[in-house]
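The values are calculated or read from the model by the stated rules, or taken from the named source; none is laboratory data. Predicted model only: the values in this text are computed from it and were never measured. All Cβ positions, even for glycine, are placed from backbone atoms using ideal geometry, and neighbour counts span all protein chains on display. Accessible surface is based on the protein model in full, side chains and every heavy atom, while ligands, DNA and RNA are left aside. Shrake-Rupley method; radii C 1.70, N 1.55, O 1.52, S 1.80 Å.
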Amino acid sequence: MSNEKFYITTPIYYPSDKLHIGHAYCTVCADAMARYMRLRGFDVMFLTGTDEHGQKIEDKASAAGVSPKEFVDSIVEGPRGVRDLWKLMNISNDRFIRTTDDYHVAAIQKIFRKMYDNGDIYKGKYVGKYCKPCESFWTESQLVDGKCPDCGREVQDAEEEAYFFRLSKYADRIRDLLENTDFLEPRSRVHEMVNNFIEPGLEDLCVSRTSFTWGIPVDFDPGHVVYVWIDALSNYITALGYMNDKYDDMDKYWPADVHFVGKEIVRFHSIIWPAMLMSLGLPLPKKVYGHGWLLLDGGKMSKSKGNVVDPYLLAERYGVDALRFFLLREFPFGSDGNFSNEALISRINTDLANSLGNLVSRTVSMVIKYFDGRLPESYGGQEPLDQELTGAAGSLRGAYQQQMDSYSFQSALGEIFKVIARANKFIDETEPWRLAKDEANRERLARVMYDLLETIRICTVLLKPFIPDSCQKIFGQIGAGSLTSWDSAGEFGALPADTAVQKGDVIFPRVDMEQELRELEKLTSHQEENNVPPVLPEVSIDDFAKCDIRVCKVLSCENVKKSEKLLKFTLDDGSGVPRQILSGIAKYYKPEELMGKTVAAILNLPARKMMGLDSNGMLLSAVRESGGQEELRLIMLDDSIPAGSRLC
Ligand code: ME8
């Protein structure tokens with residue numbers, strides 16, 4: 001057993017929407033890696049979590065009519081939220097960080113101050129462009145065709161007093177790190193970083209905002225909140241106890257052995273993150289691995305395109321291990337891959353049901369049939385055919401380790417399935433059913449069965465990081481007992497001679513491709529139609545009763561000058577004094593359509609100023625996203641209800 005440590009992280013997910021299969025991809029890969037290192041005897045720390053601040057969340061929460069914290073709570077902790085998804089996918093993370101956790105918030109304030117005190121953060125003026133969906137600042141020269149270089153969307157002008165991080169100071173060290181070490185993999189990503197970001201000259205980075213409040217306040221200048229990427233990247237150290245007392249694992253686990261990240265956030269992890277660590281005087285992570293994307297019909301899966309694939313649906317239908325296996329077996333980790341239901345079902349059928357499942361069930365059935373479930377103690381010697389199989393199984397661990405150590409999950413599985421294919425062929429070649437006809441072949445038959453069971457055992461030990469639950473079932477069926485360790489997979493012949501097997505359920509049922517494709521089609525379109533956000537955490541009836549929601553009549557409605565969004569309403573709320581409310585619904589209604597209508601408004605919200613005008617309350621509307629578009633309708637009530645009536 002080694003006591004060496006291994007610290008692995010996933011990106012922390014942005015809980016602006018429910019996670020999709022693309023998000024599950026990286027976490028499943030990281031989980032396989034963490035389990036593999038544990039199998040090897042390493043002391044593993046596997047961290048994942050959620051990145052919960054920023055303007056996008058603030059906007060989404062306000063559209064949903066809840067506070068940002070309530071909004072993120074519902075997606076992180078709520079039913080079918082982030083935590084539930086990781087539980088479902090059998091993710092074995094040791095720690096889960098939320099950037100709204102108190103210890104993280106306090107640590108970020110200290111980290112910011114430390115970089116300010118050492119002169120790496122200074123106050124200046126930000127003039128540039130901002131991409132709201134990516135929460136990224138860009139200079140004019142970094143834009144591609146005037147648009148965000150990451151996502152290709154429109155950017156907006158931004159100018160304000162802000163704090164800056166002296167990224168430029170670290171340009172040479174970062175270039176050296178990228179070009180002369182194997183810090184960033186795959187290597188193709190190095191050229192991308194150097195050509196696109198280092199060559200044009202690294203500029204200082206704007207690291208605070210004043211235009212919204214949902215972030216961690218700079219404690220010595222509270223109008224500013226810390227730029228969300230400074231907050232998010234630091235999770236990798238705050239979750240170990242850096243600048244906080246919640247944990248005390250920095251010495252033990254830092255630096256990270258590997259950060260797994262999607263390719264679009266490699267820039268943050270391979271340029272900004274090492275520069276921050278240099279500024280803090282901390283060692284750098286050993287590696288950043290930028291994996292590819294799961295594509296759907298050739299494009300990135302994203303909620304705004306309305307083309308996401310729901311991992312719940314697939315895991316519940318085919319089993320968690322089948323889904324995990326597909327993600328790890330089908331796509332090379334460093335490149336993009338196209339997701340399709342056909343590919344998923346075909347993998348389940350060929351590799352799991354036909355190759356592995358069949359090998360296990362045929363072998364176990366034969367041991368039961370020919371030896372009443374228990375092998376004898378003495379066998380005949382090995383023949384060349386046996387040696388071919390046992391040689392392949394005996395050397396599998398080495399080939400597998402080489403692939404796993406370079407994060408080539410697909411190839412590691414490829415090595416295992418070569419041996420499984422060899423074992424299935426071995427059954428056809430040795431024809432145990434013919435051997436069984438003659439008592440004189442009993443020792444030969446026992447040898448064949450033993451070779452098969454032992455091959456299955458070795459393959460199953462090495463499959464544990466990928467399909468852990470199924471492996472336990474296979475171990476149970478082949479009578480592996482406690483012989484499931486890494487050491488036991490290094491040599492052929494560890495299984496005791498008189499091993500006993502047990503018939504069990506079919507581990508990987510075959511899937512009817514045609515029928516399933518039809519079903520999935522139906523289910524997915526049904527899901528799209530019902531694309532409703534999660535239910536928020538409960539509130540008490542007393543809290544609800546504090547909301548004063550009234551029936552109002554629209555006395556007048558007009559556009560607000562210079563605003564594309566706002567309509568100005570004058571309402572009869574039954575009090576006899578006209579009430580003015582501004583509402584951002586100009587995109588959905590023409591003012592004349594709303595004259596005289598009976599609507600609902602919450603009256604006891606704090607007054608707000610918008611475009612210099614007072615707004616005293618909020619009109620209630622129904623909001624829904626469909627195909628990436630937001631649809632909104634005002635709540636209209638029966639005209640016979642008098643103004644001023646309370647809704648309860
Ligand atoms: O980027 N295929 O969060 P996020 C593969 N909060 N990976 C995909 C994918 C797809 N179709 N779609 C998304 C963030 N991902 C930040 C991280 S870390 C300090 C902060 C991956 O929820 C994506 O590449 O937008 C990224 O690595 C991860 O999901 C989280 O994305």
- Query: Would the range 234-243 turn up any residue that is open to solvent by 30 Å² or more (accessible area, probe 1.4 Å) and more than 11 Å from the ligand (Cβ to nearest atom)?
  - Reply: yes
- Note on the structure: A careful count of residues in the range 132-141 that are open to solvent by less than 10 Å² (accessible area, probe 1.4 Å) and in contact with a Leu (Cβ under 9 Å, 6 or more places away or on another chain) gives 0
- Query: Out of all the residues in the range 92-102, is one or more over 24 Å from the mean Cα position of the chain (by Cα) and not β-branched (Val, Ile, Thr)?
  - Reply: no
- Could you list, in sequence order, the residues of the range 434-481 that are part of a helix (DSSP H, G or I), surrounded by fewer than 20 Cβ atoms within 10 Å (Cβ to Cβ) and among the small types (Gly, Ala, Ser)? ALA440, GLY476
- Item | Looking only at the range 4-59, and only at residues there that are part of a helix (DSSP H, G or I) and within 8 Å of the ligand (Cβ to nearest atom), the one that is nearest to the chain's Cα centre (by Cα) | HIS23
- What single numbered condition from (1) outside the structural domain of ALA353 (by TED's automatic domain parsing); (2) out of contact with any Asp or Glu (no Cβ under 6 Å at 6 or more places or on another chain); (3) open to solvent by less than 100 Å² (accessible area, probe 1.4 Å); (4) at pLDDT 95 or above fails to hold for ARG510? (3)
- Item | Restricting the range 101-131 to residues that are within 17 Å of ASP231 (Cβ to Cβ) and of a type in the set (Asp, Glu), the residue that is surrounded by the most Cβ atoms within 10 Å (Cβ to Cβ) | ASP120
- Note on the structure: In the range 181-192, residues that are surrounded by 14 or more Cβ atoms within 10 Å (Cβ to Cβ) and in a loop (DSSP other than H, G, I, E, B) total 2
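For the range 193-208: of the residues being within 16 Å of the ligand (Cβ to nearest atom) and outside any loop (DSSP other than H, G, I, E, B), which is nearest to the chain's Cα centre (by Cα)?
That would be MET193.
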- Note on the structure: By my count, helices (runs of 4 or more DSSP H) wholly in the range 340-430 with at least 2 residues that are farther than 14 Å from CYS459 by Cβ and of a type in the set (Val, Ile, Thr) are 358-371, 409-430
- Task: Can you tell me which residue among GLU431, GLU491 is open to solvent by 50 Å² or more (accessible area, probe 1.4 Å), farther than 21 Å from ASP351 by Cβ and in contact (Cβ under 8 Å) with a residue 60 or more places away in the chain?
- Result: GLU491
- Task: Find all pairs meeting these conditions: Cβ atoms under 6 angstrom apart; at least six residues apart or on different chains; first residue within the range 374-388 and farther than 12 Å from TYR450 by Cβ; second residue open to solvent by 60 Å² or more (accessible area, probe 1.4 Å).
- Result: LEU385/GLU429
- Task: Please specify each residue of the range 249-268 satisfying the condition of being open to solvent by less than 10 Å² (accessible area, probe 1.4 Å), within 13 Å of the ligand (Cβ to nearest atom) and touching a residue at least 40 places away in the same chain (Cβ under 8 Å).
- Result: ALA256, HIS259, PHE260, VAL261, GLY262, VAL266
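For every residue, the table says whether it meets (1) in contact with a strand residue (DSSP E or B) (Cβ under 8 Å, 6 or more places away or on another chain); (2) buried (at least 16 other Cβ atoms within 10 Å of the Cβ); (3) under 12 Å from LYS553 (Cα atoms).
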position: ASP572; (1), (2), (3): yes, yes, yes
position: PRO578; (1), (2), (3): yes, no, yes
position: ASP614; (1), (2), (3): yes, no, no
position: GLU630; (1), (2), (3): yes, no, no
position: ARG633; (1), (2), (3): yes, no, no
- Message: Exactly one of these conditions fails for ASP231: (1) within 12 Å of the ligand (Cβ to nearest atom); (2) open to solvent by 30 Å² or more (accessible area, probe 1.4 Å); (3) of a type in the set (Asp, Glu). Give me its number.
- Response: (2)
- Query: For residues in the range 269-319 being within 10 Å of the ligand (Cβ to nearest atom) and of a type in the set (Phe, Trp, Tyr), which is modelled with the lowest pLDDT?
  - Reply: TRP293
